[in-house]
Amino acid sequence: MSLVKKFQIEKLTVTLIIIFGIIMSFLVPTWQTPDEFTHIWMIGDSLRIRNFDKKIEESIALDRERVEFNYDEKIDINDQIASFTARPTYSREEMLPQGVSITLIKHFSATLGILLGILIGIPTYWVLQLGELFALLFYAIVCYYALKLMPIKKEVLAVVMLFPMALQQAASLNYDAVLIPLCFFFVAYIFHLRYSNDRVGIRQIIFALCLGGVITYIKFPYILFFILVFIIPLEKIEICFGNKILGGELLKKIRFPFLIIFGIVGFFVIYLMRHNKWIQIVYGFIIEWRRGLYLFLQTGKTWGEFLVISTVGNFGWLDTPMLLGAVISVIVFLITVSLIRNTDQKQYYLRKWDIFIIIVTIIAMIVFTTLSLVDHTIKVILFGSEGSPNIYNIREAVYQIPYIGGLQGRYYLPFVCLFFLPYPRVIQVKKEIVNALFIVLEIILYIYVVWMLVNRYWIP
């Protein structure tokens, strides 16, 4: 028990992330994480390499379509073994970057691993595995520092970081491997600013803006993470302009005029961009609010169980879901952890205002994340393809779809920890007991996950 007590939650979590992440990387086969081929194309496009995705596919010699969307198909062990040593069919020169696009930000960790594999000339299978390893290492490093910063309920954030669904994405070529840990870090950083004794100056503000900007660039709906900044007390803000200081007292005096001006400017910006797809969708759901509410209710009714399961663990092309009972057990464990007060940690308490802002953030992010699939749903149902160039009237289209489709639970992963932060910590437990419980339950969870993946892909 003394060894367990010595573990810091940060080091313990990162150790488990790396161990379980590597296991997930190998047990979820090549081409089986969602849209993997598309993300390889995106990596090649960001490096201006022609036919990068096709050259990778040809060189790895694994049948991409044989297991995709075919639940009864298993991995061909002979082909898999052959891929371990198959020499690349491409030359090193034709796979080197011909330029760099800003879109590289989305996949930069996996891209570094892939380029390293290509440069040293290893078989293409191991090139992709190296990309996944670099993505996993980035996830682990960012999660470590997020936990170091997080002043409240570190264990809650740690459990979410170790969701099997999160680790499948972390150990993949998907941009989720960059997006999800950055979202965790943003949440931790804002709460750090809220509870630390330091003043919030221009450097902290610029860092938060840049971090939020990168998150928004990768996936626009997550811009709403910025709502969390309102938990930072105005008294803590101190911005220096030469010899003058813009502090909390002045900010309190000008906040209402500022909000009015901001609202007016925002109104005109929205008006000028009124033909933007996002603004049109929000406009349609506001004007047709009864139908919009109906669609949200039908979406929950139709896809609720699927979304809950795929937030915790539904692997491959969403054809290998955890049992609902197992998912509920994970959620119950998470709720329990959120109620535990570690006797060895300094205790912080949320104000009513903090809880209000957290709830507003959760609701806003659920709504906008869900709305992000409205265009997809309309085009698939009305025109047969998401890529259809056909246009539609949003106020009419909302009456022509039965629900909002195409959603996956992993879209909610970046902010799911917020659900469990407002609960009061009413159970007092020693640190070594918390750590021991954490380790045992995570190991049990991943024994179950490993069994699922082996049975799905590897046992004939």
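The values are calculated or read from the model by the stated rules, or taken from the named source; none is laboratory data. The structure presented is a predicted model; accordingly, all values stated were derived computationally and were not measured. Using ideal geometry, Cβ is built from the backbone for each residue, glycine included, and neighbour counts are taken over all protein chains shown. To get the accessible areas, we keep the full protein, side chains included, count just its heavy atoms, and leave off ligands, DNA and RNA. Shrake-Rupley method; radii C 1.70, N 1.55, O 1.52, S 1.80 Å.
In segment 402-450, one over the average inverse separation of all distinct C-alpha pairs is 14.3 Å, which is the Kirkwood hydrodynamic radius. The helix-only estimate of mean residue ellipticity at 222 nm for the chain, built from DSSP H runs of length n ≥ 4 each weighted as -39500 (n - 2.57), is -19500 deg cm²/dmol after division by the residue total. Here is the size of segment 1-90 from its Cα atoms: Rg then Dmax, 18.1, 56 Å.
Residue ranges 70-80, 428-438 sort as 428-438, 70-80 when ordered by packing (mean number of other C-beta atoms within 10 Å per residue, highest first).
Note on I335/W451: beta-carbon distance plugged into 1/(1 + (r/R0)^6) with R0 of 30 Å gives a FRET efficiency of 0.75. Take every Cα-Cα pair in the chain and report what % of them are more than 37 Å apart. So the pairs more than 37 Å apart make up 32 percent of the total in the chain.
Since only T15, P402, I118 are under comparison, the one whose Cα sits farthest along the positive direction of the charge dipole of the chain, derived from C-beta charges on Lys, Arg, Asp and Glu, is T15. Rounded to two decimals, the Cα radius of gyration of segment 79-119 over 2.2 N^0.38 Å is 1.42.
Computed over segment 318-460, the alpha-carbon pair-distance distribution with 5 angstrom bins reads 2, 7, 12, 13, 14, 13, 13, 10, 8, 5, 3, 1, 0, each value a whole percent. Taking the convex hull of the alpha carbon positions in segment 46-90 and averaging its projected area over all directions gives 4.1 nm². Relative intensity of segment 64-142 on a log10 scale, I(q)/I(0) at q = 0.11 Å⁻¹, equals -0.39, per a Debye sum over C-alpha point scatterers of equal strength in the absence of solvent.
Look at the dipole of the chain built from charges on Cβ: of A177, L323, I77, the Cα furthest out on the positive end belongs to A177.
Could you look at segment 1-128 and say what percent of its accessible area is carbon and sulfur, using a 1.4 Å probe and all protein chains? Its accessible area is 58 percent carbon and sulfur atoms. Here the scattering of segment 107-161 is modelled by Debye summation over its C-alpha atoms, one equal scatterer each and no solvent; at q = 0.20 Å⁻¹ the log10 of I(q)/I(0) is -0.68. When only the Cβ of Lys, Arg, Asp and Glu is charged (+1, +1, -1, -1), the dipole of the chain relative to its Cα centre reaches about 2000 debye. Computed over segment 264-364, the alpha-carbon pair-distance distribution with 5 angstrom bins reads 2, 9, 10, 12, 15, 15, 14, 11, 8, 4, 1, each value a whole percent. Every pair of different Cα atoms in segment 149-246 enters the Kirkwood calculation, which places the hydrodynamic radius at 14.8 Å. Among the listed pairs K153/K236; K11/K54; K301/K379; K153/K253; K153/K352, those whose Cα-Cα separation exceeds 28 Å are K11/K54; K153/K253. Span-like helix criteria (full DSSP H runs; alpha carbon extent of at least 20 Å along the helix axis; mean Kyte-Doolittle hydropathy of at least -0.5) are satisfied in the chain by 9-27, 124-149, 176-195, 202-218, 248-272, 289-312, 324-339, 352-371, 431-453. The Rg/Rh ratio of segment 86-210, with both radii computed over alpha carbons and Rh defined as the Kirkwood radius, is 1.09. Each peptide in 127-137, 29-39 gets a packing score, the mean of other Cβ atoms within 10 Å over its residues, and the list from highest to lowest is 127-137, 29-39. A protection proxy built from the mean count of other Cβ atoms within 10 Å ranks the segments 447-453, 17-23, most packed first, as 17-23, 447-453.
Report the antiparallel proportion of the DSSP beta bridges in the chain as a percent, rounded to a multiple of 5. Roughly 60 percent of the beta bridges in the chain run antiparallel, per DSSP. Amide H contacts for I237 (H built 1.01 Å from N in the peptide plane; partners 5 or more residues away or on another chain; cut-off under 5 Å): V200, G248.
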